[in-house]
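Structure first, then comments.
The values are calculated or read from the model by the stated rules, or taken from the named source; none is laboratory data. Keep in mind that this is a model prediction, so the values were computed, not measured. As a convention, Cβ positions derive from the backbone with ideal geometry for all residues, glycine included, and neighbour counts pool all protein chains shown.
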Amino acid sequence: MRALQPDTSSYTIPPPLTKRSQQKRTLILAAAIRYFAEHGYESSRVGDIAAELGIAKGSVFQHFGSKDGLFLEAYKESVKQIPGYLEAPEEVKNKGFFALLRHRLENAATTREQHQVHYAVMLLGNYGSDMNIKKRIGRFLSQEDPLGLKAFVQMGLDRGELRRDVDADLIASIVESTVERFQDSLTMSETHPDLFHISSNGHGKGNTQRIDEFILVLRGALGAVQAAKAS
């Protein structure tokens, strides 16, 4: 049986980038990441990024299509530089899902400090972009899983630490939405109090206590019954 071939009658497959073109694209993307991190999305202009590189604005559009397209690629590249859920010392990984989670949260400030520019762009995409960009970001995170979230959840399931009566994709979605925001709040609640609000009961608590409470709640919601009782 002959293999199906893609129907190319309605579109043109772009030619592969030459080495020079790829180098130019890389330079534009690196400059854009720095510019978005420093100025934010709304205040960043493609013309200013092009001027910084000494190239025509049209060259940027040629490679990325639009300002949204440029930012999306800047976001993708930035997220890929952030340590994934399973990137931890072996002794931590051997302790399992919740130990890895604690390690990630306890090192949130260090991660932000070591990846300041990329972290800033990631935050822009997560909190400071419009719905159209957020939809494209959501597709990227779901399809490419740059932080290894699915493998992290699967590890927890394989070790018997997470409940199996809940769909794995739902567990991943809960972890992504709660853990990432809580992690950001650990390092940014003082500089962005309107975005990361801490209730009056939370003031005065150190990060260690807040992390303890967060993991307690998450374990109670997602932990396997025996694991939850053991804790």
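When restricted to residues that are modelled with pLDDT of 85 or more and out of contact with any helix residue (DSSP H, G or I) (no Cβ under 9 Å at 6 or more places or on another chain), the range 174-205 contains 1. Of the residues making up the range 132-144, those that are closer than 15 Å to residue 174 by Cα and either surrounded by 15 or more Cβ atoms within 10 Å (Cβ to Cβ) or touching a Lys or Arg at 6+ places or on another chain (Cβ under 6 Å) (or both) number 1. Only one of the listed residues (97, 71, 152) is in contact with an Asp or Glu (Cβ under 6 Å, 6 or more places away or on another chain) and either closer than 18 Å to residue 176 by Cβ or modelled with pLDDT of 95 or more (or both). That residue is 97. When residue 51 is tested against (1) under 26 Å from residue 224 (Cα atoms); (2) surrounded by fewer than 18 Cβ atoms within 10 Å (Cβ to Cβ), only condition (1) is not met. Looking across the range 19-42, just one residue is among the acidic types (Asp, Glu) and at pLDDT below 95, and that is 42. Remark: pairs (first residue in the range 142-161, outside the structural domain of residue 104 (by TED's automatic domain parsing) and within 20 Å of residue 76 (Cα to Cα); second residue crowded, with 19+ Cβ neighbours inside 10 Å and modelled with pLDDT of 95 or more; Cβ separation under 8 Å; 6+ apart in sequence or on different chains) are absent. The conditions of being over 20 Å from the mean Cα position of the chain (by Cα), assigned to a helix (DSSP H, G or I) and more than 20 Å from residue 132 (Cα to Cα) are not met by residue 34. Out of the residues in the range 63-113 that are polar (S, T, N, Q) and not in a helix (DSSP H, G or I), which is nearest to the chain's Cα centre (by Cα)? It comes out as 107.
For the range 115-141, the set of residues classified as without any contact (Cβ under 8 Å) to a residue 40 or more places away in the chain and more than 11 Å from the chain's Cα centre (by Cα) consists of 115, 130, 131, 134, 135, 139, listed by residue number.
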